[in-house]
Amino acid sequence: LYYRDGISATVSIHKNGPNLYLRVNGKTDAGNANDMHTQLFSGHLPALLHPNPKRVLIIGLGSGVTAGAVAQHPVEHLDIIEIEPAVIEASRFFAAENRNVLADPRVRMIVADGRNFLQNTATRYDIIISEPSNPWIRGLATLFTTEFFALAKSRLAPDGIMVQWVQGYGIAPDDLRMVAATFQTAFPHG
């Protein structure tokens, strides 16, 4: 349904029956079938756990479903960072599922590298949700490092919540433990 060789990736949308899939460099990164519960959970959980979330940052737009879930809560400002402009275009295929979140006036869509954005902003967020693709994808390992997690922690407001998506499928148990242990260097209670 959609294909674009973007600046940093090839992005496509595929349809199989009623199901849509967003693929980045051929790997499915989002969809409106099996991934829906994870995308919704990643947005609703921190918004429900935080006592008064006003400012939220999401690193990685994907289908926009997580952002759409966050926008269902009384947040005042939602920054979304996406490195690949073609993903932003492709996310419009999921407007029904993401509740047309990019049209929400509280949303600021920023084309940038998530780590570089955090290094250059003074904004403190009540919630930071990091949803990059799998850590074994080229270029994404920097979003699973001790330095990245410490940087994210430094951009959280007091009582802020950090959510890190990492797949539990297709990853060796030792690698999953390594990601969890690295996360815990900045967030010992995680």
**OP:** Could you size up the charge dipole of the range 40-190 around its Cα centre, putting +1 on the beta carbon of Lys and Arg and -1 on that of Asp and Glu, and report it in debye to the nearest 20?
**Re:** 260 debye
**OP:** Report, in debye and to the nearest 20, how large the dipole of the range 87-149 comes out about its Cα centre when Lys and Arg carry +1 and Asp and Glu carry -1 on their Cβ.
**Re:** 100 debye
Subject >> Longest exposed-site-free window of the chain, the sites being chymotrypsin sites (Phe, Trp or Tyr not before Pro) in a DSSP loop that have at most 15 other C-beta atoms within 10 Å >> reply: 1-135
**OP:** List the pair-distance distribution P(r) of the range 88-186, using every Cα-Cα distance, as the percent of pairs falling in each 5 Å bin from 0 up to the bin containing the longest distance, rounded to whole percents.
**Re:** 2, 11, 18, 21, 19, 16, 10, 2, 0
Subject >> Carbon and sulfur %, accessible surface of the chain computed with the full protein complex present, 1.4 Å >> reply: 55 percent
Original post:
In the range 38-101, what GluC sites (Glu not before Pro) fall in a loop by DSSP, with at most 11 other Cβ atoms inside 10 Å?
Top reply: 76
**OP:** Calculate one ³J(HN,Hα) per residue across the range 119-127 by plugging θ = phi - 60° into the Karplus curve 6.51 cos²θ - 1.76 cosθ + 1.60, and present them in order as whole Hz with x for glycine and proline.
**Re:** 5, 10, 10, 9, 5, 9, 10, 6, 9
Original post:
In terms of modelled amide H atoms, which long-range or inter-chain residues lie less than 5 Å from the amide H of residue 6?
Top reply: 11
**OP:** Go through 133, 190, 83 and say which Cα lies farthest out towards the positive end of the charge dipole of the range 43-190; charges sit on Cβ, +1 for Lys and Arg, -1 for Asp and Glu.
**Re:** 190
Original post:
What is the magnitude of the charge dipole of the range 118-161 about its Cα centre, with +1 placed on the Cβ of each Lys and Arg, -1 on the Cβ of each Asp and Glu, and no other charges, expressed in debye to the nearest 20?
Top reply: 120 debye
Original post:
Hey, what number do you get for the chain at 222 nm if only DSSP H runs of n ≥ 4 count, each worth -39500 (n - 2.57), divided across all residues, to the nearest 500?
Top reply: -8500 deg cm²/dmol
Subject >> Among 121, 28, 38: highest mean-square fluctuation, GNM of the chain, C-alpha pairs under 10 Å >> reply: 121
Original post:
Taking N as the number of residues in the range 5-83, what is its alpha-carbon radius of gyration divided by 2.2 N^0.38 Å?
Top reply: 1.20
Subject >> Counting all C-alpha pairs of the chain, share separated by more than 23 Å (%) >> reply: 39 percent
Original post:
Could you give the accessible area per residue of the range 142-190, probe 1.4 Å, as a whole number in Å²?
Top reply: 55 Å²
**OP:** Return a whole-number percent for the relative contact order of the chain, with Cα pairs under 8 Å and 6 or more residues apart as the contact set.
**Re:** 18 percent
**OP:** Filter the trypsin sites (Lys or Arg not before Pro) in the range 111-168 to those in DSSP coil with at most 14 other Cβ atoms within 10 Å of their Cβ, and list the result.
**Re:** 124, 138
Original post:
Excluding same-chain residues fewer than 8 positions from residue 54, which lysines have a Cα within less than 19 Å of its Cα?
Top reply: 153
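The values are calculated or read from the model by the stated rules, or taken from the named source; none is laboratory data. Just so it is clear, the model here is predicted, and its values are computed rather than measured. Ideal geometry is used to build each Cβ from the backbone, glycine not excepted, and the neighbour counts take in all protein chains shown. The protein model used for the area step is the full one, side chains on, heavy atoms only, and it has no ligands, DNA or RNA in it. Shrake-Rupley method; radii C 1.70, N 1.55, O 1.52, S 1.80 Å.
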